[in-house]
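Below is one structure, written out as structure tokens; comments come after it.
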Amino acid sequence: MQRELITARPDWQSAVEAVGFDFHTFDAAPYWCEDNFWAFTSAEIDGLEQVGNELHKMCMQAVQQVIDDRRLALFGISGLAEDLVKHSWERRDPHLYGRVDLAYDGSGPPKLLEYNADTPTSLFEAAIVQWYWKQACYPQMDQFNSLEEGLIERFRALMRGIPSQDPRRHLHLSCVMPNVEDEGNLKYIEACAIDAGFTTTRIDIADIGWDKGREKFVDLDEKVIARLFKLYPWEWMVKESFGFNIPIAGTQFIEPAWKMVLSNKAILAQLWEMFPQHDYLLPASFEREKIMAQSPLGVVRKALLGREGANITIYDAQGNVMESQDGDYGAEGYVWQARAPLARAGARGSAVLGVWIIGDEARGMGIREAEGLITTDMCHFVPHVFS
Amino acid sequence: MTRSGRMAALAAAVSAAALLSACDDKQPQRHSQVGTPQGQQQQVVYRNLDACLAQATDMTMVQACRDGYAQAMEKMAEAPKYETQATCEDVYGPGNCVPRGSVVHEGGGSFIPFMMGYMIGGGFGRSTAYYPVYVDRGGTTFAGGYGGGANTVVSTPSWQGGAPTAVRSSSSSVVRGGFGSTAMASAHATSGG
């Protein structure tokens, strides 16, 4: 695993725009960075694929265990959210995708930092933008990327057995609008759904209607929303005013409500308890003291519901704060995780590897680099190849 | 194989194209069309038997109205069928679906759109045929069985006896804005991760 410095294509902006990427730059700073890339060996990629598959499998077992052991309260999941998690899991409501974030620098096994299982983004960058970059710059190399085939296969599976007139053959897709990044991800997922045979409608999350007469969620044409792909966190939906309509609406949500268990950082403590000393896990607990002895590099405190690096504090082995991000989260509680060495990203800082799980299979990877140790929404996406 | 990029090239190109056109209107093009966009030839649709009779000037036309109405009713056997009233009303609007058994004498247990009117295909000639007409909640008018089986969009219907009221405006039972408040209140509007 090697970080290579190169010269970006002189026309890189128009090159990435040509494949539909219109959020390559934020506040004048490039988000898409092709002045460096990561080169892996085939064996390393095999390993990362296997790690992604195994971690996802462990996570699915953990959801079952958390429900069986009545531990949802530890995740801050109660009331309506608890009902939605349990019922969606009992029904085995289908899931589409998630991103397993890994600390890996090529030495020793990759370690799970967290599972972005509910509202992962940077899918379009990983599936399309870096692929076209590779085709243009390193056509002889390979890339860990069969994301598009995976997404289309998954959507085809969601269509199977559904009769032709059934409203479930229509997919509504929603996120906060306007938001160029979220909408970019949404449109890509929509394109894959269309490829698999769905008809689709995109709708601003705030435009979703509730028809009191029919007791259904409806779109702006008052068409019933039978299936909704939502790039909007479950824990937000359940506390908003339409939350209590979810159990009666009969809408199938993608991702399903049970993903609330996996996107919650309490899952890190749950996994460490279920699979202690597992190669791909970092020591994690609700109590700092329990992992101190196994954390030679210090510990990281993460808000259970924190997003995009918010409310994360990193402590060194002496207990001094090394780096901290504030934010709107933390009232729901914290989990402690041993600090892992991240791949060094030259002068830029550090890199985190995101292995994409489509359905139940690892199908691709995206790498984000950040100044410092915490990957926030100000990070940079950099491409990769392997040979 | 699972991480091979070879297949991705083709599929990505396909989807990139789909993505670029993703903002376009995505009404499925599964229907043929009658009537011209330029409106040179409006398609006469009678709201009911009385609307047809009111325009009849002789006994031949009176008979044509009666036969046509009966023919259109018969063709309702070919109307799109829905398992439940709710799924049918999703397409045609509240109150615009009826049990199939109430119109068609065989079968039953499913729902079909209400016949909003009927239409003459081919004018008052010898080989006159009549078709039932129904309207979806978006206001699109269809002629059942026109041109051989499929539902045909009537792009410029000329309603005799008054056009049916649009469903779209009757939104009194729909409330909006029940999702999205957390994002509005948050400093960071983005909800990804």
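Checked against (1) modelled with pLDDT of 95 or more; (2) more than 7 Å from chain B (Cβ to nearest Cβ), A:M159 passes all but condition (1). Condition check for A:G108 on (1) small (G, A, S); (2) in contact (Cβ under 8 Å) with a residue 12 or more places away in the chain; (3) under 30 Å from A:A266 (Cβ atoms); (4) part of a loop (DSSP other than H, G, I, E, B): one failure, at (2).
Strands (runs of 3 or more DSSP E) fully within the stretch A:188-230 that include at least 3 residues being free of Cβ contacts under 8 Å to residues at least 40 places away in the same chain, in contact with a strand residue (DSSP E or B) (Cβ under 7 Å, 6 or more places away or on another chain) and not β-branched (V, I, T): A:209-211. Of all residues in the stretch A:162-174, exactly one satisfies the criterion of being within 7 Å of chain B (Cβ to nearest Cβ) and either closer than 15 Å to A:L123 by Cα or not in a loop (DSSP other than H, G, I, E, B) (or both), namely A:P167.
Residues that are small (G, A, S) and not in a strand (DSSP E or B) within the stretch A:360-387 comprise A:G372, A:S387, listed in sequence order.
When B:P132 is tested against (1) at pLDDT below 80; (2) crowded, with 22+ Cβ neighbours inside 10 Å; (3) away from chain A (no Cβ under 14 Å), exactly one condition is not met: (1).
Tell me, please, whether a residue that is surrounded by fewer than 20 Cβ atoms within 10 Å (Cβ to Cβ) and modelled with pLDDT of 70 or more can be found in the stretch B:117-128. Taking every residue of the stretch B:117-128 in turn, none turns out to be surrounded by fewer than 20 Cβ atoms within 10 Å (Cβ to Cβ) and modelled with pLDDT of 70 or more. Could you check the stretch B:58-99 and list, in sequence order, the residues that are in contact (Cβ under 8 Å) with a residue 24 or more places away in the chain, among the β-branched types (V, I, T) and under 12 Å from B:F114 (Cβ atoms)? Within the stretch B:58-99, just B:V91 meets the criteria. Entry remark, the stretch A:272-283: residues being outside any loop (DSSP other than H, G, I, E, B), surrounded by 21 or more Cβ atoms within 10 Å (Cβ to Cβ) and in contact (Cβ under 8 Å) with a residue 24 or more places away in the chain number 0 in total. Assessment of the stretch B:91-98 against the conditions (at the interface with chain A (Cβ under 9 Å from one of its Cβ atoms), touching a helix residue (DSSP H, G or I) at 6+ places or on another chain (Cβ under 7 Å), assigned to a helix (DSSP H, G or I) and at pLDDT 80 or above) yields no matching residue. Note on the stretch A:1-55: residues that are within 14 Å of chain B (Cβ to nearest Cβ) and among the hydrophobic types (A, V, I, L, M, F, W, C) total 12.
Among the residues of the stretch A:209-224, those that are more than 7 Å from chain B (Cβ to nearest Cβ) and within 14 Å of A:P167 (Cβ to Cβ) comprise A:K216, A:F217, A:D219. Examine the stretch A:119-133 for a residue that is in a strand (DSSP E or B), in contact with a helix residue (DSSP H, G or I) (Cβ under 8 Å, 6 or more places away or on another chain) and touching a residue at least 40 places away in the same chain (Cβ under 8 Å), and state whether such a residue exists. Checking the stretch A:119-133: not a single residue is in a strand (DSSP E or B), in contact with a helix residue (DSSP H, G or I) (Cβ under 8 Å, 6 or more places away or on another chain) and touching a residue at least 40 places away in the same chain (Cβ under 8 Å).
The values are calculated or read from the model by the stated rules, or taken from the named source; none is laboratory data. The structure displayed is predicted, hence computed values, not measured ones. With ideal geometry, Cβ positions are generated from the backbone for all residues, glycine too; neighbour counts draw on all protein chains shown.
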